[in-house]
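No lab work stands behind these numbers, since they all come straight from the coordinates. Since the structure is predicted, the reported quantities are computational estimates derived from the model, not experimental observations. With ideal geometry, Cβ positions are generated from the backbone for all residues, glycine too; neighbour counts draw on all protein chains shown.
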Amino acid sequence: MPVAYAITYNAMPCHCSVPVLLHQGVLYRGMELVCDPQLRWPQSFQAVLIYAPAAADLLDPASWHASAPAGFDSAAMLPSWMPGPVNSGGFLEGNAVALPSGRVGLLLRCRVYDAQGRTYTLQHACLFHLEPPPAGGRQYADPALLSGEAVGGAAGPTAGQLPGGRAAHASASSQPGAMEAQQAQQAQHRHLAAAKPSDEAQLSQPQPQPPLLDSAADVTMKTAGASAGPLRLNWQGFVEMPGGGNKFTARFDPSTRLYLALTNPSIDRYGANSDARNILALVYSKDLLSWRVAATLLVPNDGLPWDDSLWRTAYQYPDWIVDGPDLLVAIRTAWGGAASFHDNNWLTFKRVADYRSLLPAATAVAAAAA
């Protein structure tokens, strides 16, 4: 019997826009499945891709289909360089992307915490490939993963606890000496993520493949009532991406033949506020597996001392489009008097003029692909 579950999508106000991908006549969008009523962050959130034929009635629920949800499983997903044991992990705010192979993938933010609330994934994103269900395979995800009990191989925190998350940061900033204690506790992990590369064996090199879904008929045939179950998200691994642990928007740019994203590189990730978002950078990749910083676009300029700006300045949740030679960017901004870096007091707009001039590899990549 198939596992029954109710899909409650993460549609909270803090869940900003994610890209809608049009590929081979099919629309794709990343979502999250909230898999338990306690709403524990981040382990309650599992990754899902929804999709529908572009020519269908998109207001008709029957037009839409969802992949099987993918929850974080530390036994299968934790790379060798990341310390254990892991207390909690979850996926957030996925970007549907067209893969170099011609298929579709999901590049997304992943937060992994240990029992002390330390996280090691602020400079990494996670990558899934959308694939057919295994022959004769399970119709839905593991029931234990759906309940959140198997996350990290152990029970997560009790309801209301946010290990290393927003509530923890907010309380740390208001308690005398808490900031210094947090910094001392994390000092031994200062260079951990930067010094140890991702496991290359976990990442599959792209190979040309036929489209998985290339028509409205294909969507119907391969999803509605298929005995093998819905399409699945196949784990590829952690991807080195500056700022990949915070919300970002990634898209393929045909003019440069590069994947582009705007991120918060978390340069103070093991200092006063490991979740700081007061730097906005343009990053790029030719294959989704290796990302580099092209330019720093925004830095704190609201007159606050650096240590204060870590907690009260942010250029976060950026979304962008290409407008001729420029990028147009909308930014959730905490600036000039915000209560915290997380709780913004502005919505700002930025034009990045002649963005292609900031991409040193663009010419070489385009020439090599021609």
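Each of T256, T348, T313 was scored by other Cβ atoms within 10 Å of its Cβ. Arranged with the fewest first, they read T348, T256, T313. When each of the peptides 232-242, 56-66 is scored by the mean number of other C-beta atoms lying within 10 Å of its residues, the order from highest to lowest reads 232-242, 56-66. Across every direction, the projection of the convex hull enclosing the Cα atoms of segment 257-370 has a mean area of 7.6 nm².
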